[in-house]
Amino acid sequence: MANLVIAEHDHGSLKAATLNVISAATAIGGDVHVLVAGHNAGAAAAAAAQVAGVSKVLLADNAAHANLLPESAAAQVVAVAAAYSHILAPATAYGKGVAPRVAALLDKAQISDIIKVIDADTFVRPIYAGNAYATVKSSDSVKVVTVRGTAFVAAATTGGSGAVESVAAVADSGLSIFVSAEITKSERPELTAAKIIVSGGRGLGSGEKYREVLTPLADKLNAAMGASRAAVDAGFVPNDYQVGQTGKIVAPDLYIAVGISGAIQHLAGMKDSKVIVAINKDPDAPIFGVADYGLVGDLFEAVPQLVAAL
Amino acid sequence: MKILVPVKRVVDYNVKVRVKADNTGVDIANVKMSMNPFCEIAVEEAVRLREKSVATEVIAVSAGVVQCQETLRNAMAIGADRAILIETDVELQPLAVAKLLKAIVDKEQPKLVILGKQAIDDDANQTGQMLAALLGWGQATFASKVEVAGDVATVTREVDGGAETVAIKLPAIITTDLRLNEPRYATLPNIMKAKKKQLDIFKPADLGVDVTPRLTTLRVDEPPKRQGGVKVADVAALIDKLKNEAKVI
């Protein structure tokens, strides 16, 4: 039995989510190999080889993978798939684009967003926005799985001694062309990897107020900044801030929800946080039902007080 | 060109489901069912493309129990021209749905298939990508903006770090994210008109597709309940708790 982890990377380094997937692969048991499909991605492959538990890294280095497009990535996975019983990817925008494509090409089911490994065939995954956990068993010979990062501890970035092996790269699919990217630039920790998150909702009223009120708090705590769907829909902040069922799933040590009422779709994305603080003027807001510490009051007064006192 | 829009009947997004006492699944008896919200966005986008004369016909398709006809009528009330139901009582998993949709694509030859990025019941987020793979087509998932010109769709996608724009060669698959559009409300005259639109029904066997599930659900559990905590009187009390009790700052 051998597991293939599809690495998410930026050619020069591994994305944090890859480390959680390596842990999930280790939990399944058997060898753990990592596929790095990239362009001039030797550094990412070398980093993968150092990760604890990784015994081999396959490097498919080609211009076809320069923009990490899913059509070429999936073809690359399929080209090396024969040796593996399990193929795992992070449940990120990248992994979700590639894994179902791989599964369909192999005529296998895909198991999304696993949060627990029971055995080599059986996994637990959330359904209905995390309001139920399904234990599912696969009858397929190959399991194609995406992994919820917050459910598995990140593998150590050192301690591995995997060999990097070059594999033949597939040709560019020609089906899609990368045009441009508008990546939000931020000095803050990444939302899905942050220890502390300050998150804002509709209660902030505007993008200006969101920044004015929450930025000093996030600065003080070295926190990542998130938002509810309502705040994103209203245009306060870009889409990549969204925490929830269809946004990002987070589980920091401390999640501070400011002016967020707590729709089930939002709770689905943050209820595994270690400590939740809610600041909201509505004492009946559902967010208080999951918050360890609730402060009923005007956020425009409470948050500056909090900043001043920290 | 034709656009195919697959739609799924799911538990309404306002319903908080309950796990059955025997842990075999969630209780969906007597629960309000609606069109999956992402599918609604897909129908709206397709109808807008027809209104802009980019598309000539919008075909809604669903797979599942006989009541999916209601979901298809709803899609036609939003503006789809006709509908296809692949009727079965078998539990359909994404790979099976993708195979059924491929059979419909082979029949209808659309240039574009627009689907919701995920269904809010199984939260799988697979069907569009699987269909793209089975057809050998390009895919643009999590779309927040779609422009079609000639044989190319330029799609802005919501990705983890922000937004990314790709150009995909038609025929192709697009899956919708939340902010692509705001679906219109179906008006009463359009609901009435939708009742008269064509709705064809097939069985999976008519399409030669084996829909046997590959995954067995062994059990379904309630997630661990999170205890609501305490309300604190003021900011000073909050900071005291965070420092001395939770020890997170």
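The values are calculated or read from the model by the stated rules, or taken from the named source; none is laboratory data. None of the values given here were measured: they were computed from a predicted structure. Because the Cβ atoms are built from the backbone with ideal geometry, glycine has one as well, and the counts that use them run over all protein chains shown. These area figures cover heavy atoms from the full protein model, side chains too; ligands, DNA and RNA do not enter into them. Shrake-Rupley method; radii C 1.70, N 1.55, O 1.52, S 1.80 Å.
A compact table of results
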{"quantity": "The range A:8-57: number of residues that are open to solvent by 10 Å² or more (accessible area, probe 1.4 Å) and either outside any loop (DSSP other than H, G, I, E, B) or among the aliphatic types (A, V, I, L, M) (or both)", "calculated": "18"}
{"quantity": "Filter result (within 13 Å of chain B (Cβ to nearest Cβ) and in a helix (DSSP H, G or I)) within the range A:60-75", "calculated": "A:P70, A:E71, A:S72, A:A73, A:A74, A:A75"}
{"quantity": "Among (1) assigned to a loop (DSSP other than H, G, I, E, B); (2) closer than 24 Å to B:A98 by Cβ; (3) away from chain A (no Cβ under 14 Å) - the single one B:T212 does not satisfy", "calculated": "(3)"}
{"quantity": "Meets criteria (touching a Leu at 6+ places or on another chain (Cβ under 8 Å), hydroxyl-bearing (S, T, Y), within 30 Å of A:K56 (Cβ to Cβ) and crowded, with 20+ Cβ neighbours inside 10 Å) for A:S166", "calculated": "no"}
{"quantity": "Number of positions in the range B:82-115 that are open to solvent by 50 Å² or more (accessible area, probe 1.4 Å) and part of a loop (DSSP other than H, G, I, E, B)", "calculated": "5"}
{"quantity": "First in the range A:159-186 and facing chain B (nearest Cβ under 7 Å), second anywhere and assigned to a loop (DSSP other than H, G, I, E, B) and surrounded by 14 or more Cβ atoms within 10 Å (Cβ to Cβ), Cβ under 7 Å, 6 or more apart", "calculated": "A:L175/B:W137; A:S176/A:L69; A:F178/A:N67; A:F178/A:L69; A:I183/B:G161; A:T184/A:P238; A:T184/B:G161"}
{"quantity": "Qualifying residue in the range A:249-261 (condition: free of Cβ contacts under 8 Å to residues at least 40 places away in the same chain, more than 22 Å from B:E245 (Cβ to Cβ) and more than 9 Å from chain B (Cβ to nearest Cβ))", "calculated": "no"}
{"quantity": "The range A:175-194, subset in a loop (DSSP other than H, G, I, E, B) and in contact with a helix residue (DSSP H, G or I) (Cβ under 9 Å, 6 or more places away or on another chain), residue most open to solvent (accessible area, probe 1.4 Å)", "calculated": "A:E190"}
{"quantity": "The range B:1-22: number of residues that are touching a residue at least 60 places away in the same chain (Cβ under 8 Å) and either surrounded by fewer than 16 Cβ atoms within 10 Å (Cβ to Cβ) or under 25 Å from B:A98 (Cα atoms) (or both)", "calculated": "13"}
{"quantity": "Scope the range B:207-229; condition open to solvent by less than 70 Å² (accessible area, probe 1.4 Å), of a type outside the set (G, A, S) and within 29 Å of A:A268 (Cβ to Cβ); matching residues", "calculated": "B:V211, B:P213, B:R214, B:L215, B:T217, B:V220, B:D221, B:P223, B:R226"}
{"quantity": "Tally, over the range A:58-83, of residues that are acidic (D, E) and open to solvent by 40 Å² or more (accessible area, probe 1.4 Å)", "calculated": "1"}
{"quantity": "Pairs where the first residue, in the range B:112-131, is within 7 Å of chain A (Cβ to nearest Cβ) and the second is hydrophobic (A, V, I, L, M, F, W, C) and in a loop (DSSP other than H, G, I, E, B), C-beta under 9 Å, 6+ apart", "calculated": "B:Q118/B:A124; B:D121/B:V17; B:D121/B:I28; B:N125/A:A91; B:N125/B:A119; B:Q126/A:A109"}
{"quantity": "Options A:A278, A:A291, A:A224, A:A231; residue that is surrounded by 23 or more Cβ atoms within 10 Å (Cβ to Cβ) and free of Cβ contacts under 8 Å to residues at least 24 places away in the same chain", "calculated": "A:A278"}
